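All remarks here apply to the structure that follows.
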Amino acid sequence: MSDPLSVAAIVVVCITTLALGALGLRLATGTSDFYVAGRAVTPWRNASAIGGEYLSAASYLGVAGLVYENGVDMLWMPVGYTVGYLVLLVLIAAPLRRSGAYTLPDFAESRLESSTLRRGCALLVVGIGWLYLLPQMQGAGLALRHVSGLPTWVGVTVLTVIVTLNVASGGMRAVTLVQSVQYWIKLSAIAIPAFVLLAVWAQSGAPPPQADDSWWEPLTSTEPVTRSLFTTYSTLAALCLGTMGLPHIAVRFYTNPDGVAARRTTVAVLALLGLFYLFPPVYGFLGRAYLDAPDLLNDPGRTVVLALPGAMLPGLEGRLLTALVAGGAFAAFLSTASGVTMSVAGAIDQDVLRPLLSRLTKSDATPAGSFRLAAGIGVLAPFAVAASTAPVGISSAVGHAFAIAAATFAPLLILGVWWPRLTAKGAAAGVLVGGLTTGAAALASVLGLVPDGWTGALVAAPTAWATPLAFVVTVLVSLATPGSRPRRWARTMARLHTPEEVFADAR
């Protein structure tokens with residue numbers, strides 16, 4: 001199927017993204033601009049950029065599909081996505097900004113004074129980033145295939161090229177501008193059709209969507225209630241704790257002027273995310289009345305959000321609404337992929353490429369030049385996989401990224417900010433245990449090796465046991481290795497918890 005209107009909408013979104021990236025290039029002048037947008041982003045603009053970055057394919061397309069397939073049980077997904085920022089606000093938003101770091105590996109090294117831990121965190125940033133990038137690229141390919149009939153690899157290539165150009169050209173300055181605009185594009189693209197389709201359904205006098213009792217009532221699936229509850233709570237824990245550990249989310253708080261602005265940004269993010277998540281469940285609800293469930297679920301190239309407007313309004317009106325949601329979907333892929341590529345490029349640049357170039361050339365590499373090269377290198381692996389393999393489940397892949405972040409970076413950040421006795425060896429042990437357990441679970445899920453019963457539930461949703469295990473290991477190893485406690489821990493803790501104006505007054 002080819003719909004010129006939807007293709008045109010995607011083209012407009014792509015051109016707008018490139019234009020905003022070019023404008024950001026003119027504003028980027030130094031290292032600070034490339035990594036943290038000069039640390040001068042206002043709270044509401046930063047909140048819009050975070051919303052644009054955070055609302056990925058899993059939010060724009062995946063939540064509606066989960067509600068459509070599994071019923072009201074899935075409504076806790078958007079709740080978990082949003083509550084994660086409340087946890088971040090309470091625990092680490094302001095201290096993270098005061099740390100003065102550019103990236104999560106920077107924070108790890110400055111807090112614990114360990115270059116080995118820094119390299120491990122950089123490797124983890126790249127791994128989580130690739131796991132997050134893969135569904136964005138494949139989602140872009142599926143969206144373009146749905147509206148144009150082109151092969152999936154075309155959409156994957158278009159997204160990869162645009163994202164790489166924007167990130168490499170203007171860094172965080174360009175990405176911030178792109179993402180802040182794309183949040184409002186996505187909100188408009190999903191909200192306007194939702195209102196129209198609800199009005200059509202109400203005026204048609206159609207009955208409520210047809211579904212069995214298990215769709216309407218929570219915890220009535222074929223799984224035992226105890227196992228279903230475990231999976232629910234474990235996934236909620238991944239969303240709540242994983243948010244603070246996602247590298248492309250954490251780095252955004254380094255772009256605020258100070259800790260107060262970081263807190264205000266987080267409050268604004270809660271409002272913007274809550275507003276957006278009102279709409280994806282509408283598509284899942286209406287999809288039950290107007291879409292053929294077996295046909296939709298068996299075709300990975302179709303999604304509820306893209307298929308519903310045409311099913312409810314077969315004429316020009318439906319095509320216009322489909323074009324709108326298709327453009328919004330592509331904006332979601334572009335904005336999230338830009339942020340993830342930014343974090344991956346930063347880790348590769350600072351911890352691999354720049355040291356390597358310095359050794360080879362016997363001189364310091366220019367930050368802008370090495371960062372641009374790192375941006376191109378950072379997208380190669382997920383691009384190759386996305387263009388050559390069958391699509392993975394969008395929500396499943398993103399869910400495992402959250403689980404890995406929750407079991408690795410969340411203990412490091414929480415204990416690093418609030419526990420003075422944390423040591424480098426303790427942090428390294430916790431990150432290693434959390435990464436190995438959740439990484440193995442993710443690999444088993446991707447390869448289809450998850451067994452039935454409780455073992456399968458523990459593998460499919462590992463956060464409820466892997467994250468506490470990582471916390472316990474971190475604490476026990478830290479208590480057993482007081483000699484690896486950083487020498488300047490008191491000064492670092494004072495910096496994390498002292499308002500910026502106090503240091504300004506002292507100077």
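Listing for the model above:
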| read-out | value |
| --- | --- |
| Residue-averaged 222 nm ellipticity for the chain, from DSSP H runs of 4+ at -39500 (n - 2.57), nearest 500 | -25500 deg cm²/dmol |
| Of all accessible heavy-atom area on the chain, the percent that carbon and sulfur account for (1.4 Å) | 68 |
| Efficiency of FRET from Cβ geometry, Ile192 and Trp419, R₀ 45 Å, rounded to 0.05 | 0.40 |
| Environment charge at Val352 (Cβ cut-off 13 Å; Lys +1, Arg +1, Asp -1, Glu -1) | +2 |
| Leu320 - accessible surface, heavy atoms, 1.4 Å probe, Å² rounded to 10 | 90 |
| Label-point gap, in nm, between Leu150 and Asp258 - each point 7 angstrom along Cα→Cβ | 4.8 |
| Kirkwood Rh in Å, taken over region 57-197 so that all alpha-carbon pairs contribute | 18.3 |
| Net charge of neighbours whose Cβ lies under 12 Å from the Cβ of Gly51, counting Lys and Arg as +1 and Asp and Glu as -1 | +2 |
| Net length gained if the chain between Arg487 and Thr42 were fully extended (0.36 nm per residue, minus Cα distance) | 156.7 nm |
| For the chain, accessible area per residue (1.4 Å probe, heavy atoms of protein chains only), Å² | 38 |
| Residues whose placed amide H lies under 5 Å from that of Phe279, excluding near-sequence neighbours | none |
| Peptide ranges 313-319, 454-460 listed from the most packed, as the mean C-beta count within 10 angstrom indicates | 454-460, 313-319 |
| Rg in Å to one decimal, and Dmax rounded to a whole Å, for the chain via C-alpha atoms | 22.4, 75 |
| Dipole magnitude (debye, nearest 20) for the chain, charges at Cβ of Lys, Arg, Asp, Glu | 2040 |
| Of the DSSP H helices in the chain, those whose Cα atoms cover at least 30 Å axially and whose Kyte score averages 0.0 or more | 4-27, 115-148, 152-204, 316-348, 394-418, 424-446 |
| Gain upon complete extension [Ala271, Leu380; 0.36 nm per residue less C-alpha separation] | 35.7 nm |
| Cut-off 15 Å between beta-carbons: net charge of the residues surrounding Ala480, Lys and Arg +1, Asp and Glu -1 | +3 |
| R0 of 41 Å, Cβ-Cβ distance Leu23-Val472: FRET efficiency to nearest 0.05 | 0.25 |
| Residue-span extension gain [Asn70 to Val161] - 0.36 nm each, minus C-alpha spacing | 29.2 nm |
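The values are calculated or read from the model by the stated rules, or taken from the named source; none is laboratory data. Predicted model, so just to flag it, every value in this text is computed and none were measured. When we count neighbours, we look across all protein chains shown, and the Cβ atoms used for this are built from the backbone with ideal geometry, even at glycine. Quick note on the areas: whole protein, heavy atoms, side chains included, nothing else; ligands and nucleic acids left out. Shrake-Rupley method; radii C 1.70, N 1.55, O 1.52, S 1.80 Å.
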